[in-house]
């Protein structure tokens, strides 16, 4: 019981860290109560259009332009915007720089495939735009480091697009931060595995798709329709696979629950068939997060005094969580509302770039361990793999010309 | 000739490759050769993922890596298609060294292959790669050249700087942008000068790139400790001619480089004409260490509008300066919700004792109560503990209640004695009860004696239920039954009846022999309240020890209430007893009222024996008990079906056809489906364990240790209990659900396989983490076993390292066909 008190105390004290954040840069317009945030939307596939619909519900937002390399995607997006505003004003573009270089755009939404996220985010932030970027926010660890640096340099609001960390897993977070399972020691994240090589047979690119622009910084390969229809996730050039796709939600939930969302693991243990049965992240305070396993669905937590899963306890009971306040979304309307609020107030959003980068880093490290089939030692301060120069090579990849960060 | 030379090298290296990898090595090098004709979508039968997986493994061993690089270089030389060459570059990305640079250099000029050559070279780095890329800068023009620059940046090849500077005037914008970014990366005075020169007359897009590069140069100067150089860059960019976000970046840089020396500038900007920078200056004051910044912020707050005020509040919180508390307290009463809410959070962050009363007031009521409570829990600082205790002792009651609540949540050191005092003496009942609740949160079993003393002599007798609940919370946190029992029994005899009644309830959470004796004694008390409490306590005993005594009381008790209480307790016990069916039969013998009989039938459903099934069927046939009887039949069949599938199936099919209602028919059908789904799995077990070794945290070692059930492989000596485990989605039985989240342990599972003939069977054992088994005393090795005619004893041992713990035992005929004439009896 002494242990219980001590751990609980430590946990509450830890929770104080990062509970409040100073504002970032404030724009000249300062967004008065009646002023609208002009947004440009880049990447208008299924996810992008879904998010566009969400943002269109905010009276504080005015969507000015939409952009996609697939003509049909961008036309559907324009129709949505024009229908909403009752006019034909929404502009359409194929090149994202037509949006990021405009002075009348305050913020951009990025819903492209993962391999574009860093290039567009950094380009937009360098030009004074705030950014809402769908998860996985990065394709490599170095991309996240650069995005963080640029966001801080210009005081930009950057919100990653993982609505699940709070939206889906907040019951667990309230239970944990309320001390119901004692000090959390382990978490299991049940998401898909890493991406791999792409070997799709070439198909002639249709005339309404700018294939080279879709590839952007990724290595050249011939067109294949699967890739533009959301089927790019299994392939390493464009994504980290299930590890970064749902992983950026669920590792995010695990890290937030363990209050480790602004640091990283010190060891990534590759399964050895003996003591290490599944990929295991070990943190400096001894907390372990496993890829796979657990009984609680997509996410399971085990503390010194109990266990919980996505759907409640082991018997599926979901007791009312303790009345504990955990800083989460600001404003109204979930993660979109959080971003809109922060663009106006210049506060850090819930999925600030640092949290997004740290979360994605966990997923990327897992991928590197899987790809190289060995354990890694990670220095979360220097952000480098300390025991394996070969593994360090995987922190970044050279982009296809002319793209760079 | 060269081809043969390569082959010779490969053969030689294969010969020296470590044994164990050699076969895969051969297969791998063959795959690389096969891939010479690779085209997207046609990998010539080679699994690309396998090739990469093998390479990943190889890359951890310098000897094998060297070997693999030679194979890949050969693959690159032999490649007949661009896709093959690009794939080889992907492999060299991981394992390439200077050895492969000459082959990669050939590809640099090719618009199709250049990127993938850089893809590998960018990871290899070093002088050879740098020189090759610098040389390439003189080659083809256009975006391909931008690629060379980008890779020179990645490998941080500083000798390239003069070459790159020349390209700032290239006719291709992408090359110019790459050169600008590169100079920003390499930084230094040389780069700064070049960038400044280039900015004059540049287009707006390029100016944005140059500004960013200059800011990078400044950041690098800060890192190198060259603050003056950095400051000079920031000062030059902090001018009206630059976009506002660049001015912000420069102002931020000045705040970093000048420290407290920047406060005057930031204050001036914060009251200046430029609205953007005015507010930004406020945020940047949080970055400045020292006392001056908070003072400046407080001065600004006094004349700020509501939006600005919120920014100031959050900035003050970021500084963590307790001196900001008076200003923050004033802002709590702001008419603007955003400001008052921010002030509450900020007070929790700055850690001044002055913040405690206003936070407590807001925690007590109003829409911001939850945030204020969180702030009270979070607030920290050297003066905070004393201030919290002072606030808990005096002030408005509702505020004291909130502070006491926070003390419990914080489990604050030094708060125990003051809280006990409040719980004992405070004249206000709300305060006493909150103090008691907080004590429950923060106390351990060794501190329970203070609460027990309070239970004996509370300020008011109405406090006792709260104290009892608090003690239950504390007892539930500890497994130390002896400490709990001794703490209660020490004061039990000298306590008033009201306290004793609560203590009797506590004793079933501390089930020692002494505790049991004390509770049994209380059943003979002349005081009805005590007898009542004692029987209830026995009914909640965590093991079946009181069962026979409860049965006796149910039969011979003095009054009807006690008899009913005892019977209900006994029914609960019956489910825990070894021969539970017999126990339920005893309960039925004693039960007189229809409600009592129904209660027994309700418990009977937990059993899974043939006897229980017969009993339930008997009552199902009686009109008055048909509902409860059939419900028990279904519940029993849900478990019994794994013992005697044939009998269960015949009964279930009968219920499906003729069952008295839709619900039962549906349940019966569901059980039949489950039987079909898991046909062949053995789910009827008794268990012994979990077995552990004190202080041993090695599940493998525990599993290797021989515990008593393993010493006699044909006898089921020792303590066994029926295994009532949940079937997981994969058909395995969840042991963690049954035994709790115990790590580094093992359990023994036994059952008797009754076979009507000698027959060959196929057995499959799986477990998370360890499993082994014995059939009729012989270790099970392989998948084939022989069942003797009659009884066959099957014993399993399942170990756990940690995390999930489950197992599967599947017994079928050869070729996974169902076994004929087999049933299971776990023999409880």
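See the values below:
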{"read-out": "Whole-angstrom Cα spans of the stretch B:201-288 along principal axes, big to small", "value": "33, 31, 15"}
{"read-out": "Cα-based Rg and Dmax for the stretch B:153-219, where Dmax is the largest Cα-Cα distance (Å)", "value": "10.6, 31"}
{"read-out": "Computed Rg/Rh of the stretch A:146-219, alpha carbon atoms with Kirkwood Rh", "value": "1.15"}
{"read-out": "Shielding score for B:77-89, defined as the mean number of other chain Cβ atoms within 10 Å", "value": "1"}
{"read-out": "The stretch B:603-619 and the stretch A:155-175: distance between their alpha carbon centers, rounded to Å", "value": "51 Å"}
{"read-out": "The stretch B:68-208 shape via C-alpha gyration tensor axes, a/c threshold 1.5", "value": "prolate"}
{"read-out": "The protein assembly as shown, Cα convex hull volume normalised per residue, Å³", "value": "209 Å³"}
{"read-out": "Full-stretch length increase - residue B:820, residue B:199 - with 0.36 nm per residue and alpha-carbon distance subtracted", "value": "214.7 nm"}
{"read-out": "Per-peptide average of other Cβ atoms within 10 Å, ordering B:273-284, A:222-233, A:137-148, B:143-154 highest first", "value": "B:143-154, A:137-148, B:273-284, A:222-233"}
{"read-out": "Label point 7 Å beyond Cα of residue B:674 along Cβ direction - residues of the stretch B:787-818 with amide nitrogen under 20 Å", "value": "B:805-811"}
{"read-out": "Nearest 10 degrees, 0 to 90: helix A:353-372 Cα axis against chain A principal axis", "value": "80 degrees"}
{"read-out": "Modelled FRET efficiency - R0 45 Å, residue B:398 with residue A:318, Cβ distances, 0.05 increments", "value": "0.90"}
{"read-out": "FRET efficiency estimate (nearest 0.05) - Cβ-Cβ, residue B:461 to residue B:517, R0 25 angstrom", "value": "0.35"}
{"read-out": "Relative contact order, percent, the stretch B:686-825 [alpha-carbon distance under 8 Å, six or more residues apart]", "value": "31 percent"}
{"read-out": "Gap separating the Cα centres of the stretch A:54-94 and the stretch B:249-309, nearest whole Å", "value": "39 Å"}
{"read-out": "Degrees separating the helix B:189-199 axis from the principal Cα axis of chain B, which is the longest one", "value": "80 degrees"}
{"read-out": "Length added when fully stretched, residue B:705-residue B:627, from 0.36 nm per residue minus Cα-Cα", "value": "23.1 nm"}
{"read-out": "Helix-only CD estimate at 222 nm, as mean residue ellipticity for the protein assembly as shown, using -39500 (n - 2.57) per DSSP H run (n ≥ 4)", "value": "-16000 deg cm²/dmol"}
{"read-out": "Label-point gap, in nm, between residue A:210 and residue B:578 - each point 7 angstrom along Cα→Cβ", "value": "8.1 nm"}
{"read-out": "Chain B, relative contact order in percent, only Cα pairs under 8 angstrom and at least six apart counted", "value": "4 percent"}
{"read-out": "Debye log10 I(q)/I(0) for the stretch A:91-144, one point scatterer per Cα, at q = 0.19, 0.25 Å⁻¹", "value": "-0.60, -0.98"}
{"read-out": "Paired Rg and Dmax values of the stretch B:686-825, which use every Cα atom, in angstrom", "value": "14.9, 47"}
{"read-out": "Rough spin-label spacing in nm, given labels placed 7 Å along Cα→Cβ, for residue A:377 and residue A:104", "value": "5.7 nm"}
{"read-out": "Average partner coverage of B:275-284, which counts Cβ from other chains inside 10 Å", "value": "5"}
{"read-out": "Label-point separation, residue A:384 to residue B:726 (7 Å along Cα→Cβ), nm", "value": "4.7 nm"}
{"read-out": "Centroid-to-centroid separation of the stretch B:333-373 and the stretch B:194-242 [C-alpha atoms, Å]", "value": "43 Å"}
{"read-out": "Mean Cβ count within 10 Å, highest first, over the residues of peptides A:62-75, B:89-102, A:378-391", "value": "A:62-75, B:89-102, A:378-391"}
{"read-out": "Helix A:46-56 vs. chain A, principal-axis angle (Cα, 0 to 90°, nearest 10)", "value": "80 degrees"}
{"read-out": "Shielding by partners - mean other protein chain Cβ count within 10 Å, residues of A:142-155", "value": "3"}
{"read-out": "Packing rank of A:87-96, A:244-253, B:663-672, where each peptide gets the mean count of other beta carbons within 10 Å, highest leading", "value": "A:244-253, B:663-672, A:87-96"}
{"read-out": "Computed over the stretch B:471-510: relative contact order in percent, which uses C-alpha pairs under 8 Å that are six or more apart", "value": "60 percent"}
{"read-out": "Cα extents of chain B along the three principal axes, largest first (Å)", "value": "106, 86, 51"}
{"read-out": "Label point 7 Å beyond Cα of residue A:272 along Cβ direction - residues of the stretch A:287-321 with amide nitrogen under 15 Å", "value": "none"}
{"read-out": "Expected-Rg normalisation [2.2 N^0.38 Å, Cα atoms] applied to the stretch B:738-795", "value": "1.30"}
{"read-out": "Stokes-Einstein translational diffusion, the stretch A:262-405 - Kirkwood Rh over all Cα pairs, 1.306 mPa s, 10 °C, in µm²/s", "value": "88 µm²/s"}
{"read-out": "Residue B:654/residue B:786 FRET efficiency (R0 35 Å; Cβ-Cβ; nearest 0.05)", "value": "0.50"}
{"read-out": "Gain on full stretching of the segment that runs from residue B:97 to residue B:42 - 0.36 nm per residue minus C-alpha separation", "value": "16.9 nm"}
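Here, each number is a calculation from the coordinates, and none is a lab measurement. Predicted model, so just to flag it, every value in this text is computed and none were measured. In this analysis, Cβ positions are derived from the backbone assuming ideal geometry, glycine residues included, and neighbour counts consider all displayed protein chains.
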